[in-house]
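No lab work stands behind these numbers, since they all come straight from the coordinates. Please read these numbers as outputs of a predicted model, since none were measured by experiment. Glycine gets a Cβ as well: all are built from the backbone with ideal geometry, and neighbour counts include every protein chain shown.
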Amino acid sequence: MNLTLKIWRQKGPQAKGKIVKYKVADISEHMSFLEMMDVLNEQLIYSGDEPVAFDHDCREGICGMCSLYINGEAHGPDKGVATCQLHMRKFKDGDTIYVEPFRAKAFPVIKDLVVDRMAFERIQQAGGFISVNTSGNTQDANAIPISKHAADEAMDSATCIGCGACVASCKNSSAMLFVGAKVSQYTLLPQGQVEASDRVINMVTQMDLEGFGNCTNTGACEIVCPKGISLQNIARLNSEFLKASLKG
Amino acid sequence: MVVILLKRNFVRFLRIFSTMGILSSSIARKVAMALSALFLVFFLIIHLTVNVLSVFSEEVYNTASHFMGTNPLIQFAMQPVLFFGVVFHFVMGFILEIKNRGARQINYVKNKAGESSSWMSRNMLYSGLVILAFLVLHFIDFWFPEINHKYIAVLPEDPTRYFEELQVKFISPYRVVAYVLAFVFLALHLLHGFQSSFQSMGMNNKYTKSVKNFGKIYAIIIPLGFIFIALFHYFNQ
């Protein structure tokens with residue numbers, strides 16, 4: 001298929017960006033979206049132009065590195081997949097596709113479509129862990145009984161790959177689905193209970209410091225999330241935060 | 001003038017308060033927003049109940065209105081709380097909106113927001129602004145004349161005046177249209193707001209489906225009740 005691409009180009013963090021139009025021809029419907037971007041970049045390199053910078057790594061939907069706001073939707077028109085697993089069969093011959101970076105004050109553009117998502121790392125560092133004694137007396141995690149229900153729920157939350165699609169789609173650029181998932185994956189398990197209060201307060205404080213907006217429960221994050229992280233995680237974050245605040 | 005002064009001091013108070021701790025966190029602000037919303041949701045039921053009486057009996061409506069207008073507990077305890085609740089909900093709504101808009105400095109060239117969220121959830125500010133504009137009209141219609149009657153002009157108290165004061169307001173078709181439109185926006189606001197307030201307070205469990213369904217029924221029935229009353233008095237002059 002032949003496509004027209006309208007891509008956000010920006011030389012650097014301080015540079016002024018703009019949408020630039022490109023044409024790509026003979027794109028196979030079996031290609032992934034990122035492979036189509038590779039074709040475009042080869043074309044640009046052959047013609048002596050600067051290739052479009054975009055984030056990618058595993059290309060199998062698990063690393064959370066790929067992003068892109070494609071035709072007005074985070075990770076494009078397909079549901080439950082990251083951009084790397086979006087296939088060109090979702091588009092038609094002659095389509096015009098807008099490709100933009102994830103937009104948020106807390107996700108500044110580094111170059112073209114690459115954004116700095118270190119804010120997520122700093123939130124994780126603020127509390128997304130459990131403290132374990134590693135001096136030789138480490139307790140075997142499997143020795144602690146955990147109900148199947150709690151284990152399943154914690155696992156569902158832990159499938160968050162931290163791609164940032166929730167922030168990109170939220171009209172308020174809120175990171176609460178991400179933070180909710182990260183808080184939940186520990187809080188639901190006995191190992192995470194010990195530091196539960198400090199964790200939620202510290203992670204929410206860091207989230208606010210990074211400049212993310214406030215959740216207004218539009219639910220857009222849940223719809224676009226490639227891993228189907230549910231809004232229950234945000235409710236759990238709210239109740240955990242309230243509990244921790246009231247405890248003082 | 002009094003309202004402007006109150007509002008200005010309230011914003012100042014809120015700013016100090018928000019840097020003090022309790023309301024400095026995004027989640028705490030949302031919980032405060034949800035609590036004030038649920039308080040207003042409860043208030044709407046009371047307001048509609050009293051109004052519905054006007055459809056059935058002039059006498060009962062007058063008695064109920066006289067009670068609401070003269071009972072010291074309602075006048076000097078409940079009314080200030082209500083006033084605080086309304087102002088808090090609006091001011092906090094604006095604060096959150098300003099902060100949220102600041103969280104994205106460059107907008108998308110192409111954004112299909114409708115694919116992942118409802119119109120109501122994305123436009124709470126605008127439905128809220130229509131309700132605010134309506135409240136101004138509503139205060140001019142009922143609250144200011146009432147305050148004038150009781151505390152400024154200090155006119156003799158007549159426990160049978162309320163029904164007539166109500167009916168006279170619904171002679172003009174323009175006012176009726178304004179009221180009906182405002183209630184439609186109230187319904188849109190509640191369609192998202194009702195269940196959203198529960199989510200903000202951390203409640204998302206096996207009851208959520210029932211809360212959502214009840215919220216939808218509430219969001220339609222309550223405004224529809226107010227619309228019915230406005231139309232009833234317009235057609236029964």
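If only the Cβ of Lys and Arg carry +1 and only the Cβ of Asp and Glu carry -1, the dipole of the protein assembly as shown around its Cα centre is close to 760 debye. What does the C-alpha gyration tensor say about the overall shape of the stretch B:101-237? Classify as rounded when a/c is under 1.5, otherwise prolate if a/b is larger than b/c, or oblate. Prolate, because a/c is 1.5 or more and a/b exceeds b/c. Cross-link pairs exceeding 25 Å in C-alpha to C-alpha distance, out of A:11/B:110; A:148/A:171; A:79/B:30; A:105/B:216, comprise A:148/A:171; A:79/B:30; A:105/B:216.
Using bins of 20 Å that start at zero, the share of Cα-Cα pairs per bin across the protein assembly as shown amounts to 21, 44, 27, 8, 0, in whole %. Distances between every pair of Cα atoms in chain B, grouped in 10 Å steps from 0 to the bin holding the largest one, split as 6, 27, 34, 23, 9, 2, 0 percent. In chain A, the longest principal axis of the Cα atoms and the axis of helix A:118-127 are about 10 degrees apart. Look at the stretch A:101-107: the mean tally of other chain Cβ atoms within 10 Å of its residues' Cβ atoms is 3.
Averaging the Cα positions of each part gives two centres, and for the stretch A:184-204 and the stretch B:167-198 these lie 43 Å apart.
Across all Cα pairs in the stretch A:67-145, the calculated P(r) in 10 Å bins from zero up to the longest distance comes to 15, 29, 22, 16, 14, 4, 0 percent per bin. From its DSSP helices (H runs of at least four residues, each -39,500 (n - 2.57)), chain A gives a residue-normalised ellipticity at 222 nm of -11000 deg cm²/dmol. Here the stretch A:3-111 is treated with +1 on each Lys and Arg Cβ and -1 on each Asp and Glu Cβ, and its dipole about the Cα centre works out to around 640 debye.
Partner chain Cβ atoms within 10 Å, averaged over the residues of A:72-82 - can you pull that number for me? Intermediate values should be presented prior to the final figure.
Details: counts 9, 7, 2, 0, 0, 2, 0, 2, 0, 0, 0.
The shielding value for this peptide is 2.
For the stretch B:67-163, what does the alpha-carbon gyration tensor say about shape, rounded, prolate or oblate, given a ≥ b ≥ c as the root eigenvalues, a/c under 1.5 as rounded, and a/b over b/c as prolate? Prolate, since a/c reaches 1.5 and a/b exceeds b/c.
Scattering from the stretch B:156-213 was approximated by placing one identical point on each alpha carbon and applying the Debye formula without solvent; log10 I(q)/I(0) at 0.13 1/Å stands at -0.61. Annotation for residue B:75 and residue B:221: the two label points, set 7 Å from Cα along the Cα-Cβ direction, are 3.3 nm apart. Each of A:136, A:172, A:113 was scored by the projection of its Cα onto the charge dipole of chain A, and the greatest displacement toward the positive side belongs to A:172; charges sit on the C-beta of Lys, Arg, Asp and Glu.
Placing unit charges on each Cβ (+1 for Lys and Arg, -1 for Asp and Glu) gives chain B a dipole about its Cα centre, and among B:51, B:111, B:228 the Cα reaching farthest toward its positive end belongs to B:111.
Per residue of peptide A:233-240, the mean number of Cβ atoms on other chains within 10 Å of the residue Cβ is 5. With all projection directions averaged, the alpha carbon convex hull of the stretch A:3-111 covers 6.9 nm².
Helix-only arithmetic for chain B: the sum of -39500 (n - 2.57) across DSSP H runs with n ≥ 4, divided by the residue total, places the mean residue ellipticity at 222 nm at -24500 deg cm²/dmol. For the stretch A:139-248, the square roots of the Cα gyration tensor eigenvalues, ordered a ≥ b ≥ c, give a/c of at least 1.5 with a/b no greater than b/c, which places it in the oblate category.
For chain B, the membrane-span-like helices by this rule, meaning whole DSSP H stretches whose C-alpha atoms cover at least 30 Å of axis and whose Kyte-Doolittle mean is 1.6 or above, are B:26-56; this says nothing about an actual membrane.
Taking the inverse of the mean 1/r over every pair of distinct Cα atoms in chain A gives a Kirkwood hydrodynamic radius of 19.4 Å.
Legend: calculated FRET efficiency, residue B:50 to residue A:134, from the Cβ-Cβ distance at R0 = 51 Å, rounded to 0.05, equals 0.15.
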